[in-house]
Each structure stands twice: as C-alpha cells, then as structure tokens.
Amino acid sequence: MKKTYLVDYDSCNLRFCGRQCIKKCPIKISNEKNKSHIKKQDVPIWLQKSTNQIKIKEDRCLKCGICLNVCPANAIYVKNILEEPSNLIPTHKYPVVDGKEGFRLYNLPNLISGKVTGLCGPNGIGKTTVLNIVSGNLKPNFGEYELGQDQTPWQKLIPKFKESEMRNHFLLLSHNDRKIAYKQQVLRILFEKYKDTCVSDILNSENEVSQNFFKKIQKYLDIDAISDRFLEECSGGELQRFSIGSVLIKEADIYIIDEPCTFLDVQKRIKLAQLFHYRCRGFDKERPCPILVVEHDLAILDYISDIIQLFYGIPYQFGIISNPMTTKKGINAYLDGFLKSENIEFRNTKYGFRRSTSGRTWSNAKIFAEYGKISKTFDSFHLDVYPGKIYASEILGIVGENGCGKSTFAKILAGKLKPDDSSKFQGINAIVSYKPQYITQNTSKSVRDFIIEQSQNYNFSEERMRILYKPLGVKKLLNESLSKLSGGELQRVYICACLAKKADLYILDEPSAYLDIEERIHIGQIIRTVTKRNNAVSICIEHDIQIADALIDRLLLFAGKPGVYGKTIGPLLKKEGMNKFLKSIDVSFRRDPKTGRARLNKKGSQLDRNQQASGQPWGINN
C-alpha cells in the first residue's frame, strides 16, 4: 500500500491559511537553516503561480503528515494506493508471455465446513485460477513457474501453505483422499462427455446422495422438465440447471461452483441458494462441508453466502484475496472499494444504487409504439402477449421465469420471428437494434469489423470511445479476433455492437450475463446514456434484480407455466410491477441503507412476513 498526499481544492483557501503547509514542511525548514553553500533539497510542496494552487510532488514527499495536520481547512488528505505486495510470495504465478510478466495470485480462500464462502471480484482477477488450485486441477508454483507446475512434488509444496486447513487440504488431495465436486463456468465441455445420453439417465447413473436430497435437487432445479432431453437440445438455462444438479448429486468433501446463475431466472437463483445451504449444512444423511461460490449477482451472492472473501488488485496483472468478512461488510466493502480492516483502497470509484422512486408519470407521455394481442405457437409452447404501449424515451424491463416467452417476444419486436397470423401486430415502425440472448463467435472477423457490420456505424471517434467503447473495455479489443474472446469479452462486444447502431429501439436480451459486478453497473449506466442521447427507447430482459431496479422505468411481467405457455402482465409502473413479480415468486427484498443495494430477506423472517403482509415485497420505502 502506497500513501499519496492530495489537495482538495474546493476546501483550500490560500487567502486565510497563511500557507502553513509550505511553511511547516521539514524540507523547507531544513533548507532555510542550511548555510548558503550547502545544496538545497527540492521542496515537495509549493504554490504554483500559474494556477494559484498548492502542488505536492509525490517522489519528493517524506510522507511525514505535517502538512495534513497543520492545514486549517483540512484541505490536504492522504490516500492509500494499492500496490502489489513486495513482501509476499505469490501463491501462483503464470509464465512470461511475449515479454509480459504473467498474472500473480496472492493467498487462497478459507475452507469452512458448514459454510458457503462467496468469492467476489472483477473478471481477470484470479477467481478461476483459485478454483482450479483448490480443486486440484492446477498445482500452485509459489512463483517458481520456470520449473513447470507438474514437476514440483507435493511434499515440497505443502509446507509452503501458511494455514493449517490448506496444508491439510492439499495433503489429502496429494493422497487422493479428498473428493472435489467442481461446477465449471464453461458448460460446452458437457456435450462431449455426455453425448447421446438423456438428462435423467445421466443423473440417475451418477447419483451418490440420499434419495431425499436427490428428489429435492430435482424439484428445486426443475429437472423433470428436461429429464428426457439430450444436452444438445437444452437451452442455456436448462444446461446450467443440469450442470449444477450433476455436481450436487456427488458425495464430495468440497463443492466448488463457478458462476451458477448465468441464464437462470430469479426464482431458480433463489432455489439454487437454498440448495447450497442444505448441502453445506448437511441435509438428511449428508455431512456438513465447505462450498465455494463465484457469483456476480450481488443480491443472490448476498443470499447464498455465509461469508465473503474479496478479490482485488489489477485485473490480468495481479490479484489478492482478502480475509473473510460477513456478507454485508464484504459486499459493501467491495462497492466502496475500501477494505477497512486492512486499510487498503483498491478502487477510486465508489459504487451505489439509486433508490427507486414513484417514477415518472406516464399519463401524458408520448407513445412510441402500441401493440395489440400477439400470439405465437410452437409445437409444445404457446405465448399470449396482451395489448400494451411503449412510451418514448423509456427503458422497459422484462422479467419472469425462464421458458415463459420473454426472448420470443423480444424476437417478435425485433422482426426476427413472425407471430401467429391472428396477432394484431404489424411490427415496429422504427429502426431496431437487437442483442440476442445467446451469443456466438463462429467468425474470424476482428471486433472492429464485427461492430461495423452489426451496427452499420463507422464512428470510432474519441467521444464514442469515451461514452461506449472505453467504459466497457472494448477499446483495447478492437483489433482482436472475435473467435479468441472470453465469454465476458464477447458479451461486451455484442452490447457495444447493439448500442453503436443509430436506432430508435434497442432490445437487449440478458445484457448482464457473463459480466462481473462492475461491468454490470457500467452496462446499466451506458444503456441509459445511449437511450437518452439518441432520444430512443430500450427494452431489457434482465434476471439480476439489482441491475433491473437501477435501470428500468417500467416493467413487463411474464407469467405462465414454463415450457408450456406464457402470458404477459403489464407494462406496469416499476413499483407495482416489482411488487407483483416478487409476490408471484414469494420473496421480499429490503434495501441496504449505506449503498442502496437490494438485499433478499430470509424466508419466514419477521421483515419478510411484514412486507408480504403489507403487499410490498419490494420494500415499503422503495
């Protein structure tokens, strides 16, 4: 941690302070005492006449703190800047590539039996590396990557772990006495492993838990709906549910879960959290065990986790794992960018969420588009969309269970899917830009060429970089091949391609999937900015309740029986829509007073009962 002294120019008042900060600087005093023939040192603090401002030069400063203490207006303050720890040996270091030093990871998470540990941090900070190390898929090298990770015997590595629990963990791993159940982020690997085998046959043949817990897993993950399908026939959400189920049916000592909520609706995410709690505490005949979970949905991470450990550092350079914290303190510390217990500021920006209000009044709002009843019939699914209006300059949110027709409706509005002939819908008379739910990279085009092709926009000016490409981290990817991008990078590129188009209507299907917490917050801000600047309308399908709350103006709710039929309710005012939606899935939220983030109430708690009884599960003060 590096200290730097800064000046708050709004507080600094040179007319009345007498410039005590300069007068009392030890180097200035020393220079005045020295005889004229002795060379004077450079004074770190001085008045810059051209700007009439106090300046502090970092490399000259003694960091004594005198200027800070003598300033009558408290205009000088100290800031702690994150530095890579020079006194620690990295747990793992990747080799040098093309002259660039490899990523360094410091520390490992705690393994606490009977507890779910939530791992929280941005992409590129070492979370997947940690999961691979703990699972035994990657042998830590403690900075000695030249030897090769498989060449160093476990006997030499195990004494290097400081914590006894980790020494014991890797000792057991080295003797094949510890069983790990690992749900990985990438699901495509399942296709080859389970080719030509249906879901029910796979789960029945691999089940190692009690029948009671097996039935609970099937019920909570709605496995019956996909039991007769091959994996290649499953949607992204269905494949996710299967992959989680295939891990939880293992009798393991540790469960490692990497991003379980991608493509799952809110109700499934909550059921998932409950399953993790059952398993780690020892449901039925199962014994208690630790569970490590990486998740970017803050509300669900809060609900799932018993403790939180943060990842901080500089993405793709080095990552450090914090000490364990309570969920509330850990997530709030992440949003603040400051670890109070370790006195480390790891981010300049603090994140918070605006409180919901009663919202804009729509009685006299300009109508952008109206639609009559829309129907769409498939072999085993039918959707009814009831008449509604879309208002100019609004951001309309779409929520509901998976399999109720949200993406089908989005495709109809985007002109990608034709509704039934009986529908009273002639299309949207406007330029539409559409970001689909499932994104592919089966092209060798560069990111720049892909964006140009999708958006028909050649504008890569500094202003466009500042508003769109730089905040999403796409600026540095423009010359990369689309086929080489990670899931998060690909998602950001698709969002940029959608928003780069000069359109009247932007439709984004699950824009926060694959993205970390900071990226999700940026996405919401950027969608709102582009919508406003283009005097356009945006429609967003979103399962992250926190992001939906911060982003949308009104809500369209999809209900029905997943995979069989779907119907719409609304559009509704946000507060009414949120309350109706949460009541339908029997959950309630409160709001953190410090950051404004949404927090799930524990089922059956007094706050949950009170809010449900009042008909305000979204919170009385929202």
Coarse-grained scattering of the stretch 144-195 at q = 0.14, 0.17 Å⁻¹, given as base-10 log I(q)/I(0) from a Debye sum over alpha-carbon atoms: -0.58, -0.75
Over the stretch 488-622: Rg over Rh, Cα atoms, Kirkwood Rh: 1.00
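When you count, for each residue, the other Cβ atoms within 10 Å and take the mean per peptide, how do 58-66, 318-326, 23-31 rank with the highest first?
Result, highest mean first: 318-326, 23-31, 58-66.
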For the stretch 546-600, alpha-carbon Rg over 2.2 N^0.38 Å: 1.26
Mean separation of Cα contacts under 8 Å (6+ apart) over length of the chain, as relative contact order %: 13
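Remind me, relative contact order of the stretch 23-116 in percent, using alpha carbon pairs under 8 angstrom and six or more residues apart?
On the way: 70 pairs, mean separation 14.0, N = 94.
Dividing the mean separation by the residue count of the stretch 23-116 yields 15 percent.
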For the stretch 176-232: Kirkwood Rh in Å [reciprocal of mean 1/r, alpha carbons]: 12.8
Amide proton proximity set for W46, modelled H, under 5 Å, gap of 5+: K55
Reachable aspartates and glutamates from K416, criterion Cα separation under 20 angstrom, eight or more residues apart if same chain: E370, D379, D384, E453, D504, D509, E510, E542
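For the pairs K406/K603; K268/K328; K445/K501; K216/K484; K115/K603, flag any whose C-alpha to C-alpha distance is greater than 29 Å.
Working: K406/K603 27 Å; K268/K328 23 Å; K445/K501 18 Å; K216/K484 39 Å; K115/K603 18 Å.
Those over the limit are K216/K484.
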Angstrom value of the Kirkwood radius, inverse mean 1/r, which spans all Cα pairs in the stretch 417-550: 15.4
Cα Rg, Dmax, the stretch 59-169, angstrom units: 19.6, 61
Alpha-carbon Debye profile of the stretch 338-491, log10 I(q)/I(0) at 0.19 Å⁻¹: -1.26
Amide H contacts under 5 Å for L138, placed H, 5+ residues apart: I133
For the stretch 585-622 versus the stretch 231-257, the gap between their alpha-carbon centres in whole angstrom: 30
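Leaving out ligands, DNA and RNA, what percent of the accessible area of the stretch 463-560 is carbon and sulfur, probe 1.4 Å? The partial results should precede the final answer.
On the way: 1330 of 2970 Å².
Ligands and nucleic acids excluded, carbon and sulfur give 45 percent.
For the chain, just run the numbers: alpha carbon Rg, then divide by 2.2 N^0.38 Å, N being how many residues it has.
1.08
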5 Å-binned pair-distance histogram of the stretch 1-112 (Cα, whole percent): 2, 9, 15, 16, 12, 9, 8, 8, 9, 7, 3, 1, 0, 0
Simple spin-label estimate for N348 and K3 in nanometres, 7 Å along Cα-Cβ: 2.1
Estimated FRET transfer efficiency when R0 is 41 angstrom, pair I367-Q317 (beta carbons, to 0.05): 0.25
Vicinal HN-Hα couplings computed from phi for the stretch 400-405 (Karplus, 6.51 cos²θ - 1.76 cosθ + 1.60; Hz; Gly/Pro x): x, 5, 4, x, 10, x
Fully extended contour minus Cα-Cα distance, from K160 to H382, at 0.36 nm per residue: 73.9 nm
Acute angle (nearest 10 degrees) that the helix 327-336 long axis makes with the longest principal axis of the chain, alpha-carbon atoms: 60
The stretch 432-461 versus the stretch 320-355: alpha-carbon centroid distance in Å: 35
Intensity falloff of the stretch 184-315 expressed as log10 I(q)/I(0), Debye formula with alpha-carbon point scatterers, at q = 0.20 Å⁻¹: -1.24
Solvent accessible area, Å² - W362, 1.4 Å probe, full protein context: 20
Net length gained if the chain between T440 and K24 were fully extended (0.36 nm per residue, minus Cα distance): 143.5 nm
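Report the antiparallel proportion of the DSSP beta bridges in the chain as a percent, rounded to a multiple of 5.
About 50 percent, rounded to the nearest 5.
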In Å, descending, principal axis extents of the Cα set of the stretch 419-483: 48, 29, 18
Spacing of the two label points (7 Å from each Cα toward its C-beta) at E232 and Q525, in nm: 4.4
C-alpha long axis of helix 164-174 to longest principal axis of the chain, angle in °: 50
Spatially proximal aspartates and glutamates relative to K574 (Cα-Cα < 12 Å; intrachain offsets below 8 disregarded): E394, D549, D553
Sequence-distant residues sharing a close amide H with I76 (under 5 Å, placed H): D8
Eligible lysines near K2 by straight Cα distance, threshold 18 Å, same-chain separation 8 or greater: K57, K63, K79, K340
From phi via Karplus (6.51, -1.76, 1.60), per-residue ³J(HN,Hα) for the stretch 486-492 in Hz, x at Gly/Pro: 6, x, x, 5, 5, 4, 5
Accessible area (Å², 1.4 Å probe, nearest 10) - L68: 50
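Using DSSP to define loop residues, name the GluC sites (Glu not before Pro) in the stretch 459-566 whose beta-carbon has at most 16 other beta-carbon atoms within 10 Å.
Taking the stretch 459-566 and a limit of 16 other Cβ atoms within 10 Å, the loop GluC sites (Glu not before Pro) found are E480.
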Cα centroid separation - the stretch 383-424 against the stretch 477-535, whole Å: 21
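On the accessible surface of the stretch 60-132, probed at 1.4 Å, how many percent belong to carbon and sulfur atoms?
51
Could you work out what % of the accessible surface of the stretch 274-423 is carbon and sulfur, using a 1.4 angstrom probe and leaving DNA, RNA and ligands out of the count?
Heavy-atom surface of the stretch 274-423 belonging to carbon and sulfur, 1.4 Å probe: 49 percent.
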Fraction of alpha-carbon pairs over 16 Å apart in the stretch 104-230 - percent: 73
³J(HN,Hα), Karplus 6.51/-1.76/1.60, whole Hz, each residue of the stretch 599-614, x for Gly, Pro: 10, 5, 7, 5, 4, x, 5, 4, 5, 4, 5, 5, 5, 5, 5, 7
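The values are calculated or read from the model by the stated rules, or taken from the named source; none is laboratory data. Just so it is clear, the model here is predicted, and its values are computed rather than measured. Cβ atoms come from the backbone with ideal geometry, glycine included; neighbour counts cover every protein chain shown. All accessible areas refer to the heavy atoms of the entire protein, side chains included, with ligands and DNA or RNA removed. Shrake-Rupley method; radii C 1.70, N 1.55, O 1.52, S 1.80 Å.
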